[in-house]
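*Asks:* I have a structure I would like to understand better, so I am pasting it below and will then ask my questions one at a time.
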Amino acid sequence: MRKFSGSTARRLMGYIVRGNELRFTVVILSILVSASASVGASVFLESLIDDYISPLLLASNPDFSGLVHALSMMVCLYLAGILCGFLYNWTMASISQRSLKKIRDQLFSHMQDLPIKYFDTHIHGDVMSVYTNDVDTLRQMISQSIPQGISSLVSIIAVLCTMIAMSWMLTLVVLACVACMLLIVRRIAGRSSAYFIKQQAALGALNGYIEEMVEGQKVVKVFCHEQKAKEGFDVLNDKLCECAREANKYANILMPAMNNLGNLQYVIIAIAGGSIALAGGGITLGTIAAFLQLSKSFTQPISQISQQLNSIIMALAGAKRVFELMDEPVEQDGGYVTLVNAKYQGDDLVEADERTGTWAWKHPHEDGTVTYTRLTGDVRFFDVDFAYEPDKPILHNISLYAKPGQKLAFVGATGAGKTTITNLINRFYDIADGKIRYDGININKIKKSDLRRSLGIVLQDTNLFTGTVRENIRYGRLDASDEEVEAAAQLANADEFIRRLPEGYDTMLTDNGANLSQGQRQLIAIARAAVADPPVMILDEATSSIDTRTESLVQRGMDSLMYGRTVFVIAHRLSTVQNSDAIMVLDHGRIIERGNHQELIAQRGTYYQLYTGAFELE
Ligand SMILES: Nc1ncnc2c1ncn2[C@@H]1O[C@H](COP(=O)(O)OP(=O)(O)OP(=O)(O)O)[C@@H](O)[C@H]1O
Ligand SMILES: [Mg+2]
């Protein structure tokens with residue numbers, strides 16, 4: 001237990017109680033009623049025996065009406081207890097589901113705000129495991145452990161007071177027995193807590209592995225790695241099994257241990273009570289009977305709490321992982337320049353409420369004035385250096401400019417840093433100094449969402465979502481009409497194959513478009529970027545899986561799409577980049593050559609060698 005700071009528990013309680021105050025009050029009241037009903041019933045036993053049963057045994061002409069009255073009272077007490085028991089369990093179930101929903105909601109919305117770096121550096125299955133396993137550990141704790149804990153505590157206090165009032169001597173006997181039990185529980189529970197934390201981590205690792213293997217099943221099969229995959233799984237599975245076994249080993253012997261000790265205590269009290277009564281200690285038969293009952297009511301909650309320790313420790317381990325994800329720092333955005341619709345009034349650019357097709361950067365200044373700069377798509381890099389990890393520089397001294405309407409191409413070997421440059425333009429990663437300017441504005445000053453809205457990006461890895469083809473293309477601009485979606489598909493040259501799909505634009509795509517070919521997926525991704533009609537397009541290997549004939553069609557489509565836009569193209573196939581205004585040849589994060597196709601050919605440098613096939617791109 002000491003492994004968890006109290007703050008995890010406190011924070012968890014915050015989630016459970018906040019917003020559920022009324023329900024919680026109902027729960028606590030019901031618990032109070034149900035606990036006092038059970039104590040009351042035990043106390044009643046004393047008067048039942050001493051005041052009704054014993055006199056009746058001695059009476060020559062017994063009158064049972066008093067006994068019947070007393071018995072019906074007892075039934076009522078028990079009934080009230082049972083009803084309140086139902087009530088708090090129902091209410092707790094609703095509280096627990098609401099709390100879990102709140103936690104999942106917060107997790108997901110927090111996750112949406114995390115930077116790309118988080119996803120680049122965490123195993124996705126492990127993240128999934130937080131939503132499923134870790135959140136699930138909380139369910140049992142909230143719906144069972146908490147109400148049982150409260151009810152046990154109330155019972156313990158009520159029973160203790162009643163016992164002291166009845167006979168302090170017998171109370172001492174009970175307390176001594178309980179102290180022994182607690183010592184044993186502490187020893188057992190202390191051992192398992194560390195293993196519960198390990199168990200949740202091992203479960204996460206196992207889930208990460210399973211997800212990877214499901215995703216990569218084709219690769220596994222191609223390389224005949226099934227056996228290796230199983231072995232890898234076994235290692236993780238063994239680890240989980242071991243942690244879970246250790247965690248539960250001690251926890252599982254708690255219950256039988258407590259039960260046996262409880263029985264032992266029963267005997268001890270009977271003997272002690274009998275001896276005290278015989279020695280004239282002033283206790284009656286009824287007191288002993290009630291005490292036997294009370295001692296059960298006393299140890300039962302204690303053993304219940306100790307059983308719940310299991311799930312409490314596990315839930316705290318789960319909560320720790322949940323809160324770790326919630327505490328991941330979100331993507332920072334100091335940007336204050338926003339993108340707005342604009343129109344010209346005379347020569348002045350002013351903000352417009354409706355969609356005008358003209359966009360402007362709204363730039364508030366410190367002196368309270370606001371300036372508007374037309375969005376044209378002018379991107380410039382000034383001596384940009386960049387490293388993903390502090391001591392491993394990837395880009396060196398990158399300077400480039402792309403004027404509106406220009407097509408800029410990056411070529412270079414794998415790992416040269418082409419994708420990295422585009423990661424900087426859309427601010428997936430930030431450079432320390434503001435050396436990138438977009439329409440003359442330091443890119444760090446532009447609000448990330450607005451910056452990305454102005455860019456149409458086809459990423460190197462195509463990702464399609466579950467939904468129809470039409471929905472996937474519309475992802476680029478949610479208010480695009482059906483005609484606009486189809487026009488974008490035509491531009492990307494995707495229209496033809498989409499119409500040949502079984503249900504055309506309404507064909508469902510699942511599992512990242514597994515029912516399409518790689519090239520078809522890329523065409524949809526291009527259409528998705530095109531539908532947004534952005535002033536700047538970034539196409540990272542967008543045509544790498546498309547055959548040469550389709551490519552030249554897409555090329556023509558894109559040329560018309562590119563009209564009036566700035567386009568960054570990354571391509572391994574040099575035919576794609578030939579008609580660019582400028583081609584940058586990258587090598588190990590440096591631009592080593594630049595110029596248009598003719599100039600570079602004339603230079604007879606690396607590009608010339610690439611082009612003439614003197615050496616191939618790796
Ligand atoms: N998220 C990341 N964290 C750390 N290093 C990275 C990350 N992404 C890329 N790198 C490193 O940065 C370098 C450049 O990678 P980049 O993806 O920009 O190459 P590229 O030119 O796009 O290659 P390709 O043609 O294969 O797409 C590589 O050496 C790579 O190891
Ligand atoms: Mg790349």
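FYI, it's all coordinate maths here, none of it is from the lab. All values reported here derive from a predicted model rather than from experimental measurement. As a convention, Cβ positions derive from the backbone with ideal geometry for all residues, glycine included, and neighbour counts pool all protein chains shown.
*Asks:* When ASP348, ASP378 are ordered from fewest to most other Cβ atoms inside 10 Å of their Cβ, what list results?
*Replies:* The most exposed by this proxy come first: ASP348, ASP378.
*Asks:* Using the count of nearby Cβ atoms within 10 Å as a rough guide to exposure, how do VAL68, VAL340, VAL458 rank from fewest to most?
*Replies:* Details: VAL68 11, VAL340 18, VAL458 24.
Lowest count first: VAL68, VAL340, VAL458.
*Asks:* If you don't mind, another one. Once the piece of chain linking ASP367 and GLU483 is laid out straight, how much longer is it, given 0.36 nm per residue of separation minus the C-alpha distance between them?
*Replies:* Separation in residues times 0.36 nm, less the Cα-Cα distance, equals 37.2 nm.
*Asks:* Considering only DSSP beta bridges with both partners in the stretch 379-612, what is the antiparallel share in %, to the nearest 5?
*Replies:* The antiparallel fraction comes to roughly 50 percent.
*Asks:* Give the calculated FRET efficiency between GLN578 and ASP461 to the nearest 0.05, with a Förster radius of 25 Å applied to their Cβ-Cβ distance.
*Replies:* 0.50
*Asks:* What are the ³J(HN,Hα) couplings of the stretch 96-111, residue after residue, when phi is run through the Karplus curve with 6.51, -1.76, 1.60 and θ = phi - 60°? Round to Hz, x for glycine and proline.
*Replies:* 3J(HN,Hα) across the stretch 96-111, in whole Hz: 5, 5, 5, 5, 5, 4, 4, 5, 4, 4, 5, 4, 5, 6, 5, 4.
*Asks:* 7 Å from Cα along Cα→Cβ at both LEU71 and ARG374: what's the point-to-point distance in nm?
*Replies:* Here the answer is 9.8 nm between the modelled labels.
*Asks:* Expressed in nm to one decimal, what extension gain is obtained for the pair ASP347 and ASP105 from 0.36 nm per residue of sequence separation less their Cα-Cα distance?
*Replies:* 82.3 nm
*Asks:* Working from Cα positions, state the angle (0 to 90°, nearest 10) between the long axis of helix 482-491 and the longest principal axis of the chain.
*Replies:* For 482-491 against the chain, the angle is about 50 degrees.
*Asks:* Related question: Can you compute the modelled spin-label distance between TYR401 and ASN61, with each label point 7 Å from Cα toward Cβ, in nm?
*Replies:* So the two model labels end up 12.2 nm from each other.
*Asks:* Please work out the FRET efficiency for the pair CYS161 and HIS122, using the Cβ-Cβ distance as r and a Förster radius of 60 Å; give the result to the nearest 0.05.
*Replies:* Rounded to the nearest 0.05, the efficiency is 0.70.
*Asks:* Helix 226-278 sits at what angle to the longest principal axis of the chain, using alpha carbons and giving 0 to 90 degrees rounded to 10?
*Replies:* Relative to the chain, helix 226-278 is tipped by roughly 20 degrees.
*Asks:* Using only the Cα atoms of the stretch 379-612, each taken as one equal point scatterer with no solvent, compute I(q) by the Debye sum, divide by I(0), and report log10 of the ratio at q = 0.08, 0.09, 0.14 Å⁻¹.
*Replies:* For the stretch 379-612 at q = 0.08, 0.09, 0.14 Å⁻¹, log10 I(q)/I(0) is -0.30, -0.38, -0.90.
*Asks:* While we're on this one: Expressed as a whole percent, how much of the Cα-Cα distance distribution for the stretch 68-184 exceeds 25 Å?
*Replies:* Cα-Cα pairs of the stretch 68-184 separated by over 25 Å account for 55 percent.
*Asks:* Would you please put 142-152, 103-113 in order of how densely packed they are, using the mean number of other Cβ atoms within 10 angstrom per residue and starting with the highest?
*Replies:* 142-152, 103-113
*Asks:* Right, here's the next one. Calculate how steeply helix 168-215 sits against the longest principal axis of the alpha-carbon atoms of the chain, using the helix alpha-carbon long axis, and give the answer as 0 to 90 degrees to the nearest 10.
*Replies:* 20 degrees
*Asks:* Roughly how many nanometres apart are two label points built 7 Å out from the Cα toward the Cβ at GLU215 and ALA432?
*Replies:* 3.1 nm
*Asks:* Continuing with the same structure: To the nearest 0.05, what FRET efficiency results for ARG186 and TYR78 with a Förster distance of 22 Å applied to their C-beta separation? Walk me through the numbers before you get to the answer.
*Replies:* Details: r = 34 Å, r/R0 = 1.53.
Step by step, r from the Cβ atoms, then E = 0.05.
*Asks:* Say the cut-off is 30 Å between C-alpha atoms; which of LYS403/LYS447; LYS101/LYS362; LYS101/LYS198 go over it?
*Replies:* LYS101/LYS362
*Asks:* Mind checking which lysines have their C-alpha under 23 Å from LYS102, skipping anything on the same chain fewer than 8 residues away?
*Replies:* By straight Cα distance, LYS102 reaches LYS320.
*Asks:* Let me ask another. Just from the alpha-carbon atoms, what are the Rg and Dmax of the chain in angstroms?
*Replies:* Rg then Dmax for the chain, in Å: 36.4, 129.
*Asks:* Compare the peptides 263-276, 526-539 by average per-residue count of other Cβ atoms within 10 angstrom and give them in order, highest first.
*Replies:* With the highest mean Cβ count within 10 Å placed first, the list reads 526-539, 263-276.
*Asks:* Cross-link candidates for LYS296: which lysines have Cα within less than 18 Å, leaving aside residues fewer than 8 places away along the same chain?
*Replies:* none
*Asks:* Would you kindly state how much longer the chain becomes between GLN227 and THR414 on full extension, computed as 0.36 nm times their sequence separation minus their alpha carbon distance, in nm to one decimal?
*Replies:* 64.2 nm
*Asks:* Placing one identical point scatterer on every Cα of the stretch 148-237 and ignoring solvent, what is log10 I(q)/I(0) from the Debye formula at q = 0.15, 0.17, 0.25 Å⁻¹?
*Replies:* -0.75, -0.85, -1.18
*Asks:* Determine the calculated [θ] at 222 nm for the chain from helices alone, applying -39500 (n - 2.57) to every DSSP H run no shorter than 4 residues and normalising by the residue count; nearest 500 deg cm²/dmol. The partial results should precede the final answer.
*Replies:* Details: 22 runs with 363 residues, N = 618.
Computed ellipticity for the chain at 222 nm equals -19500 deg cm²/dmol.
*Asks:* Need one number: the % of Cα-Cα pairs in the stretch 6-326 sitting beyond the 32 Å mark.
*Replies:* 46 percent
*Asks:* Tell me which of ILE268, ALA319, VAL330 sits at the most positive position along the dipole axis of the stretch 231-383, charges placed on C-beta atoms (Lys, Arg +1; Asp, Glu -1).
*Replies:* Among ILE268, ALA319, VAL330, the one farthest towards the positive end of the dipole of the stretch 231-383 is ILE268.
*Asks:* How much of the DSSP bridge set in the chain is antiparallel, in percent, rounded to the nearest 5?
*Replies:* 60 percent
*Asks:* Take LEU153, LEU574, LEU523 and order them by how many other Cβ atoms sit within 10 Å, fewest up front. Could you put the intermediate results ahead of the total?
*Replies:* Numbers: LEU153 14, LEU574 17, LEU523 28.
Final ranking by Cβ density, sparse to dense: LEU153, LEU574, LEU523.
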